[in-house]
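Below is one structure, written out as structure tokens, with a few remarks after it.
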Amino acid sequence: MDKCMNHPLKVAKGRCKSCHRPLCDDCKYVTSIGIYCSEECHLKAKEFMDRVSPDLPPPRRRSFIKGKTVKGVIALAILLAIFYAIMYFIYQATTVEDIISVFRGYISALF
Ligand SMILES: [Zn+2]
Ligand SMILES: [Zn+2]
């Protein structure tokens with residue numbers, strides 16, 4: 001088994017993600033992006049990651065949400081148009097007031 005790079009008597013539990021040197025529990029520098037031997041290696045790896053993954057995914061995700069919202073608005077408009085058409089053909093309701101009075105009639109019939 002590998003021994004820690006700083007403690008020759010201790011068994012290494014992991015390796016630095018940047019320089020791949022063996023590390024014991026005391027020497028592990030745990031970060032959100034992995035285990036490193038030092039802050040230096042962590043920063044090096046972070047810089048590398050920033051360069052490798054450009055900021056492409058966020059705009060793509062944003063346009064996807066926008067497309068979904070537009071579809072939702074269109075669907076709502078179609079539903080409203082169908083609702084309005086039904087109201088017009090059954091009750092000859094042409095204005096919002098007419099539709100409200102139809103609902104008022106229903107409500108007063110219920111109670
Ligand atoms: Zn390292
Ligand atoms: Zn150590």
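Rounded to the nearest 20 debye, the dipole size of the chain about its Cα centre is 520 debye, using +1 on the Cβ of Lys and Arg and -1 on the Cβ of Asp and Glu. Working from label points 7 Å from Cα in the Cα-to-Cβ sense, the VAL96 to SER38 distance is 6.9 nm. Using a probe radius of 1.4 angstrom, the carbon and sulfur fraction of the accessible surface of the chain is 66%. Using the Cβ-Cβ distance between SER108 and ALA81 with R0 = 22 Å, the FRET efficiency computed as 1/(1 + (r/R0)^6) comes to roughly 0.20.
Please work out the average accessible area per residue across the chain, using the 1.4 Å probe convention, and give it in Å².
Result: 82 Å² of accessible area for each residue.
Each Lys or Arg adds one and each Asp or Glu takes one away; over the other residues whose Cβ falls under 13 Å from the Cβ of CYS4, this sums to +3. Where a Cα-Cα gap under 25 Å defines reach, which lysines qualify for LYS13, not counting those fewer than 8 residues away within the same chain? Cα-Cα hits under 25 Å: LYS3, LYS28, LYS44, LYS46.
P(r) of the chain in 5 Å steps, Cα pairs, percent per bin? Histogram of Cα-Cα distances, whole percents per bin: 2, 10, 11, 9, 7, 6, 5, 5, 5, 5, 4, 4, 6, 6, 7, 5, 3, 1, 0.
For the peptides 73-82, 86-95, 20-29, the ranking by packing is 20-29, 86-95, 73-82, with the highest mean count of neighbouring Cβ atoms within 10 Å listed first.
The values are calculated or read from the model by the stated rules, or taken from the named source; none is laboratory data. Only a predicted model underlies this, so the values are computations on that prediction, with no experimental measurement involved. Glycine gets a Cβ as well: all are built from the backbone with ideal geometry, and neighbour counts include every protein chain shown. Only protein heavy atoms, including side chains, enter the accessible area calculation; ligands, DNA and RNA are left aside. Shrake-Rupley method; radii C 1.70, N 1.55, O 1.52, S 1.80 Å.
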